[in-house]
Amino acid sequence: MNLSNKIQDLKNEKNAVILAHYYQEESIQDIADYIGDSLELAIRAQETSANVIVFAGVYFMAETAKILNPNKKVLIPDLNAGCSLADSCPAKDFKKLIQAHPDHKVVTYINCSAEIKAMSDYVCTSSNAIEVINSLPKNEKIIFAPDKNLGTYLIKETRREMLLWDGTCVVHEAFCYDKILDLMVEYPYAQIIAHPESETEILKIAHFVGSTSKLLKYVKEDKHEVFIIGTEAGILHQMQKEVPHKKLIPAPIQEDNSCACSECAFMKVNTLEKLYWCLKNEAPQIHLDKSTAQKALKPLEKMLNYV
Ligand code: 13P
Ligand code: SF4
């Protein structure tokens, strides 16, 4: 029996569901029950009747599933699946910022730890960040963390002043503006589409900005034939399945980028083999401090009102 069949059998035996993010390796995407962006996967996690959730994504995503399902087993193929944005915002430093600005509401991007969520008034994803910010009264003072690129984009889109945390995503800040312009000369009818974690200069030239699911939808529905994709290359797997006749070009990256690719090394530590063993052994499992999880649940529940 191959690994995929063995995973299928274990899944049935244990009443498990496999949730996978678009940046997971192709074999994981192909075996998942649901693939989605952070918001869609949080919704799937909240709605599932499965006893076990296998979260094929990064740690903060699995942690979110656990916060939404404190009584379920939430597994992740590799506990080292971190996130540079989540790592950029240590709880003790963020606490000092909040204490220094007691009159500010705290809005955090879902790419952060449970401790940071527990200090937040609202959590948002790249899919509903504009709606969440716009729901706050116009004169409300706002701290936004941890992604300064998404924050800068939100300031422009919502015309709100916000105090930004200085975090970035290692993958989305690696795109090379000049090389994208070169591609535009080569493919004058191409559409540039980008995730809002990308740098401001890239977002300024993008024809469309959105979460991973919104980028996928745009490629499907837009009439153009060539797209330059400014997000992690894993999304191209589903995109190319949906639009086999269209040309999809991953946005080129700067040469001095240390990982030399637009792949998220954190996402890619999960493999099909690790997924098999995690389901078989029911480990590694996400465990959270009860009080932190309870506090983090409130802003996450608010986030789920904006879908
Ligand atoms: P999405 O919610 O758009 O899928 O983004 C998650 C992420 O980590 C992007 O780098
Ligand atoms: Fe984090 Fe960037 Fe990887 Fe997304 S792509 S999980 S933001 S490091």
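Counting only protein heavy atoms and a 1.4 Å probe, tell me what percentage of the chain's accessible area is made up of carbon and sulfur.
On the way: 6730 of 13640 Å².
Carbon plus sulfur share of accessible area: 49 percent.
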Problem set entry | Cα pair count fraction exceeding 29 Å, expressed as % - the chain | 35
Exercise. Going by average Cβ neighbours within 10 Å, how do the peptides 35-47, 243-255 rank, with the highest at the top?
Worked result: 35-47, 243-255
Problem set entry | Centroid-to-centroid separation of the stretch 186-260 and the stretch 275-307 [C-alpha atoms, Å] | 30
Seminar exercise, completed: With LYS298 itself left out, Lys, Arg at +1 and Asp, Glu at -1 over residues whose Cβ is under 10 Å from its Cβ give +1
Exercise. Pairs LYS95/LYS138; LYS6/LYS274; LYS95/LYS295; LYS11/LYS214; LYS214/LYS274: which are spaced more than 22 Å apart, C-alpha to C-alpha?
Worked result: LYS95/LYS138; LYS11/LYS214; LYS214/LYS274
Problem set entry | Heavy atoms of CYS83: accessible area, 1.4 Å probe, square angstrom to 10 | 20
Exercise. To the nearest 500 deg cm²/dmol, what mean residue ellipticity at 222 nm is calculated for the chain from DSSP H runs of n ≥ 4 alone, each contributing -39,500 (n - 2.57), summed and divided by the residues?
Worked result: -12000 deg cm²/dmol
Seminar exercise, completed: Taking a label point 7 Å from the Cα of LEU163 along Cα-to-Cβ, the residues of the stretch 85-105 whose backbone nitrogen sits under 12 Å from it are 94-105
For this session: Using DSSP, restrict attention to beta bridges with both residues in the stretch 91-160 and report what percent are antiparallel, rounded to the nearest 5.
Result: 0
Exercise. Spin-label point model (7 Å from Cα, Cβ direction): what's the ILE130 to ASN281 distance in nm?
Worked result: 4.5
Problem set entry | Calculated over the stretch 51-166: convex hull of Cα atoms, volume per residue (Å³) | 109
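Starting from the Cα-Cα distance between LYS96 and GLU186, subtract it from 0.36 nm times their residue separation and give me the gain in nm to one decimal.
Separation in residues times 0.36 nm, less the Cα-Cα distance, equals 27.5 nm.
The values are calculated or read from the model by the stated rules, or taken from the named source; none is laboratory data. As the structure is a prediction and not an experimental result, all values here were calculated from the model. Positions of Cβ are backbone-derived with ideal geometry, glycine not excepted, and every protein chain shown enters the neighbour counts. For the accessible areas, the whole protein counts, side chains as well, though only heavy atoms, and no ligand, DNA or RNA atoms are used. Shrake-Rupley method; radii C 1.70, N 1.55, O 1.52, S 1.80 Å.
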